[in-house]
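A quick write-up on the structure given underneath.
The values are calculated or read from the model by the stated rules, or taken from the named source; none is laboratory data. Just so it is clear, the structure is predicted and the values come from calculations on it, not from any experiment. Every residue, glycine as well, gets a Cβ built from its backbone with ideal geometry; the counts of neighbours run over all protein chains shown. These accessible areas exclude ligands, DNA and RNA; they are computed on the full protein's heavy atoms, side chains included. Shrake-Rupley method; radii C 1.70, N 1.55, O 1.52, S 1.80 Å.
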Amino acid sequence: MKTPTVPTAHTTAAHTKPAPAKPTAHKPTAHKPAAHKAAAPAHAKKTHTAPRPAVKTYPNNLDGWIRQSLDILHAKGIPASYSGIHRNIERESSGNPNAINLWDINARNGIPSKGLLQVINPTFNRYHVTGTSWNIYNPVANITAACNYAAARYGSMDNVNSAY
């Protein structure tokens, strides 16, 4: 007796035609901008953003105030050096950001010199450097305004060797 053969996928595929694809009706889809914006492209999941550069920090002391001021001054193209600033601060206020001169001609005229570099208010206001505090006692603002004034008047704070 002969065993009947059962058709397999391999044998039937060669002998049968594939069924024709059913035509599908094209349905216009409504544009949904909110859904489109919400779905992120596949490549977006794989991209990485560069880390932000670290914000430079300065110690809250004379050295830090001078260094921060120098970075601002150099970014603005205002000449000054650490030694020129430090030398003048030591002479003017001994490093006290709250120093105020109540005895010189400016004080007698009602506008005492203030801060690390003993700046008077009109000079501070005129030579204030954008991006610094408007408080004349703020060490960085006081240094940058004084250096801006010294650069305009003497070429640089480095050229100042006495009261200015």
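A few comments on the model shown:
- Remark on SER113: its backbone amide H falls under 5 Å from those of ASN101, ALA107, a criterion applied only to residues 5 or more positions apart or on other chains, H modelled at 1.01 Å from N.
- ARG67 - accessible surface, heavy atoms, 1.4 Å probe, Å² rounded to 10: 120
- Ranked by solvent-accessible area (1.4 Å probe, protein heavy atoms only, all chains present), the residues SER93, SER83 order from largest to smallest as SER83, SER93.
- Length released on extending from ASN101 to THR49, taking residue separation times 0.36 nm less the Cα-Cα span: 13.5 nm
- Multiplying the residue separation of TYR137 and ASN161 by 0.36 nm and subtracting their alpha-carbon distance yields 6.4 nm.
- One equal scatterer on each Cα of segment 80-164, no solvent, Debye formula: the resulting log10 I(q)/I(0) at q = 0.10, 0.18, 0.22 Å⁻¹ is -0.20, -0.67, -1.03.
- Dipole magnitude of segment 44-164, debye to nearest 20 (Cβ charges: Lys/Arg +1, Asp/Glu -1, about Cα centre): 580
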